[in-house]
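Have a look at this one before I ask anything.
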Amino acid sequence: LVRLQKRRFQVLNVAGGGQAASAVSVSEDQTGALWTGTFGNGLVRWQDGRMETFTMPGGRGRGFVFSVHPGADGMLWLSAGDEDLYVFQNGRLERVSPWVHAVKCILPSRDGKTVWLGTKSGLFVCTNLSTRVFVPHAAIARSVDIRALAEDRRGVLWAGGGDGNLYRVEGAVAT
């Protein structure tokens, strides 16, 4: 991970303690903290020049965080371990929706009311964040591997598929 500040580059060591780790996902939250998902060193937070590492729950993939994205409500959404979905809030890490696996990418909507997941089995959506129940979105076939998500300024969702297609999702329709 490299930071450019005042026209100088600085290498930020996400390995912490010399362990091998690679930064694979980086996001900034509302407080200015930089969250980094790593291969090998879990979840790392950089804030005010300090690094703090958060260990993921057990299992063979415990040091792997594939996707990190803060939501508008202060919750941090991440895909970790065996690509399962977790939330980090108030210093606690909690596994969410064990029935949604192979989470490749996460995108909380700008309005804070919806969270989208790109998975190996298509596009999933949660519109009631208090229940954290994710359901398949019917606009894209479940056979499509969704690897990237973005929301444009009009609130239209764009999804990059492993099939080489870019999907535009508006309401229940994908074009």
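How large is ³J(HN,Hα), in whole Hz, for each residue of the stretch 105-117 in order, when computed from phi with the Karplus curve 6.51 cos²θ - 1.76 cosθ + 1.60 and θ = phi - 60°, using x for Gly and Pro?
8, 9, 8, x, 5, 5, 7, x, 9, 9, 10, 9, 10
Determine the equivalent ellipsoid of the chain by diagonalising the alpha-carbon gyration tensor, then write out the semi-axes as square roots of 5 times the eigenvalues, largest first, rounded to whole Å. List each step's numbers first, then the result.
Numbers: eigenvalues 152, 64, 50 Å².
Three semi-axes, in Å: 28, 18, 16.
Please list, ordered by chain and number, the residues whose modelled amide H lies under 5 Å from the amide H of residue 149; skip anything fewer than 5 residues away on the same chain.
Distant-sequence amide H within range of residue 149: 160.
Counting only heavy atoms of the protein chains, get the accessible area per residue of the chain (1.4 Å probe) and round it to a whole Å² value. Present the calculation step by step, with values, prior to reporting the outcome.
Details: 9560 Å² over 175 residues.
On a per-residue basis, 55 Å².
Sort out the exposed loop trypsin sites (Lys or Arg not before Pro) in the chain (DSSP loop, at most 11 other Cβ within 10 Å) and tell me the longest stretch that has none.
Working: sites that count: 6, 7, 60, 153, 154.
Result for the longest clean stretch: 61-152.
Please give the direction-averaged projected area of the C-alpha convex hull for the stretch 39-130, in square nanometres with one decimal.
Values: hull surface 24.9 nm².
The number I arrive at for the stretch 39-130 is 6.2 nm².
The values are calculated or read from the model by the stated rules, or taken from the named source; none is laboratory data. Being a predicted model, the structure only gives us computed values, none of them experimental. FYI the Cβ positions are ideal-geometry reconstructions off the backbone, even for glycines, and counts take in every protein chain you see. Heads up: the accessible areas ignore ligands, DNA and RNA and are worked out on the full protein's heavy atoms, side chains in. Shrake-Rupley method; radii C 1.70, N 1.55, O 1.52, S 1.80 Å.
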